[in-house]
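Taking it in order: structure first as C-alpha cells, then the write-up.
The values are calculated or read from the model by the stated rules, or taken from the named source; none is laboratory data. Just so it is clear, the structure is predicted and the values come from calculations on it, not from any experiment. Using ideal geometry, Cβ is built from the backbone for each residue, glycine included, and neighbour counts are taken over all protein chains shown.
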Amino acid sequence: MIDLLVAGAGPVGLVTAIHAAEAGLDVAVVEPRAGTIDKACGEGLMPKALEHLSRIGVNPYGVDFFGIRYLAGSTSVDARFTSNPGRGVRRTVLHDALRERAHELHINFIDGRVDEIVQSNSSVTAAGVQSRYLIGADGLHSTVRANLGLEIGTPKNRRPRYGVRQHFTIAPWSDLVEVYWLPHAEVYVTPVSEDSVGLAILGYTGLNFEEVISQIPTLAAKIHSASPASKLRGAGPLRQRASHRVQGRALLVGDAAGYVDALTGEGLQVGFSEAEAAVKSIVSGEISSYDAKWRKITRSYRMRSGGLLWASSKRAIRPAIVPAARALPPVFRGIVRSLS
C-alpha cells in the first residue's frame, strides 16, 4: 500500500505529487491521458505561482510579463507588478517541466482512470490502487468529486461561461498581459515565447473565436498576418462547486475543489497553494483541517473573481469597468499587485 494516490496529472496534480515526494511520502499519479497534456487556458503564471514552482525545483521556459493592461475601445489602463514578473508559459511546456521534476523524484505514473472509490478506516482504493490517502486533482469535471458525492450543481439562473484558446506565430508586442473587454466576452493576450502569443477568450455559450477577435480591429490586424501555432481548444463550463474538500481519506485540490472563473488569471497560483496545504494536512495526520485551509487560501481569489464576474455580468456596469479602472488607478494597481 502506498501513502498517496493523486488522481490527475495536470499541473496541480503534478505539484501535489512533487510536494508529497519531497515530504517523504510514497506517491503515485493516475492519469488516463498519455504524454504531454494540453488545455485551454490563459497560460499566464502570476509571480506567486512562479515563486512556488521555484521552491519545488521547476523553472519552465517562457516570456516574462510585468503587469496587466485593460482595454475597451480607445480606453486603456496599465498596472505593473511591484515585485517579480509573471511568465507566459505554454501549458505543454509547463506540463513537461513538472513531469521532468516528478521523474527526478521517482514518482510512479499509472495509466488509468478513477471510476470507483472504496474507502475504509485506514485506506482508499481507486483505479486498482490501494493507498492511505487519495487526492483528486482531476480538473473542472472531476470524477473524484462526483464519486465522493461532493458535487453541487450550478444554479439554473446562472449562465455558464466557457473559454477558448489558440496560439499565433507573432513576436509579442507588449510586456504586459492584455485584457480586451468586449460587450459579451474578454480576450486575453499573453506572450508565451519570443515568436508567439496565446489568445484566450472567455464568454458565454456559442463563442466564435474569429467573430470575437474581429470586434477588436487592432488585434485582428495583427493576427490576420500571423500563422496559427496551435489548434483551437475549449473548456467549460468554468463555474464548478463542491460542498466540501474532504470526504473520509480523500481530498480535492485545484479545479476539482471548486472554481469560480478565469477572469483574474490566478487559478494555478491558488491551485499550487491548495496542493501544498493538502499534503501538509496528510503529513500532519490532520486532514480534517484542510477544508478550513482551503477556504483561507481561496478567500481572496473567490472574492476578486466573484466580484468581477458579478460586475461583468451586469449590462449597466460592464461598460464602466475599464473606464473606472482608468479613473481610479490606485484601486486597479492595488488589485493587480495583490496578485503578485
Looking at segment 53-61, can you tell me whether even one residue there is in a strand (DSSP E or B), touching a residue at least 60 places away in the same chain (Cβ under 8 Å) and out of contact with any Asp or Glu (no Cβ under 9 Å at 6 or more places or on another chain)?
no
Among helices (runs of 4 or more DSSP H) completely within segment 214-327, the ones holding 2 or more residues that are within 15 Å of the chain's Cα centre (by Cα) and within 20 Å of GLU151 (Cα to Cα) are 267-284, 290-312
The condition from (1) farther than 26 Å from SER338 by Cα; (2) in a loop (DSSP other than H, G, I, E, B) that ALA40 misses is numbered (1)
Residues of segment 142-163 being over 12 Å from ARG241 (Cβ atoms) and polar (S, T, N, Q), in sequence order, are THR143, ASN147, ASN157
Residue pairs qualifying under the 7 Å Cβ cut-off, at least six apart or on distinct chains, with the first in segment 88-114 being under 20 Å from ALA49 (Cβ atoms) and the second being in a loop (DSSP other than H, G, I, E, B) and of a type in the set (Lys, Arg), are ARG91/LYS39
Across segment 175-220, the tally of residues that are closer than 27 Å to ALA324 by Cα, in contact with a strand residue (DSSP E or B) (Cβ under 7 Å, 6 or more places away or on another chain), modelled with pLDDT of 95 or more and surrounded by fewer than 16 Cβ atoms within 10 Å (Cβ to Cβ) stands at 1
So the strands (runs of 3 or more DSSP E) completely within segment 93-171 holding 2 or more residues that are within 21 Å of PRO11 (Cβ to Cβ) are 108-111, 129-136, 161-169
Worksheet item: Just to be sure, is ALA34 among the small types (Gly, Ala, Ser) and either assigned to a helix (DSSP H, G or I) or touching an Asp or Glu at 6+ places or on another chain (Cβ under 6 Å) (or both)?
Response: no
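Quick check on this structure: which one of ALA137, ALA126 is of a type in the set (Gly, Ala, Ser), over 21 Å from the mean Cα position of the chain (by Cα), surrounded by 23 or more Cβ atoms within 10 Å (Cβ to Cβ) and within 30 Å of ILE282 (Cβ to Cβ)?
ALA126
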